[in-house]
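Working notes, beginning with the structure itself.
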Amino acid sequence: MREWNRQAACVANTELDWFADRVPDEIVDVCNRCPVMGTCLMDALDGNPERELGIRAATTEQDRRDIRAGRREPWQIWDRQKQLHLI
Ligand code: SF4
């Protein structure tokens, strides 16, 4: 386990569906409270296939493909989640 993983909020929320096609509201909440969200996203984007699976930093695998391809920025994904969450 890498050092930053010890601070990961998901460790205490393993009952949630971390492999869903869209990010459930409960996971948005967990990731937004996580102290290592930025590190988590960078780690998920670094090209290691083992770390690309599932929801990471409130992004899906498709979200991260879009980020890598320059189609979207992470803040756009997170802003959209906040808008949906508020409705
Ligand atoms: S930001 Fe990453 S490390 Fe933190 S809870 Fe979400 S998936 Fe886990």
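Read the figures in this text as sums done on the coordinates, not as results from a lab. Quick caveat, the model's predicted, so the values are computed rather than measured. Counting neighbours? That spans all protein chains shown, and the Cβs are built from the backbone with ideal geometry, glycine included.
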Of all residues in region 43-74 being hydrophobic (A, V, I, L, M, F, W, C), more than 10 Å from the chain's Cα centre (by Cα) and under 23 Å from Glu3 (Cα atoms), the one that is surrounded by the most Cβ atoms within 10 Å (Cβ to Cβ): Leu45
Residues that are within 8 Å of the ligand (Cβ to nearest atom) and among the charged types (D, E, K, R), drawn from region 44-56: Arg56
Filtered residues of region 3-50 (kept if among the basic types (Lys, Arg) and in contact (Cβ under 8 Å) with a residue 12 or more places away in the chain): Arg22, Arg33
In region 23-42, the residues that are loosely packed, with under 13 Cβ neighbours inside 10 Å and over 25 Å from Glu3 (Cβ atoms): Asp25, Glu26
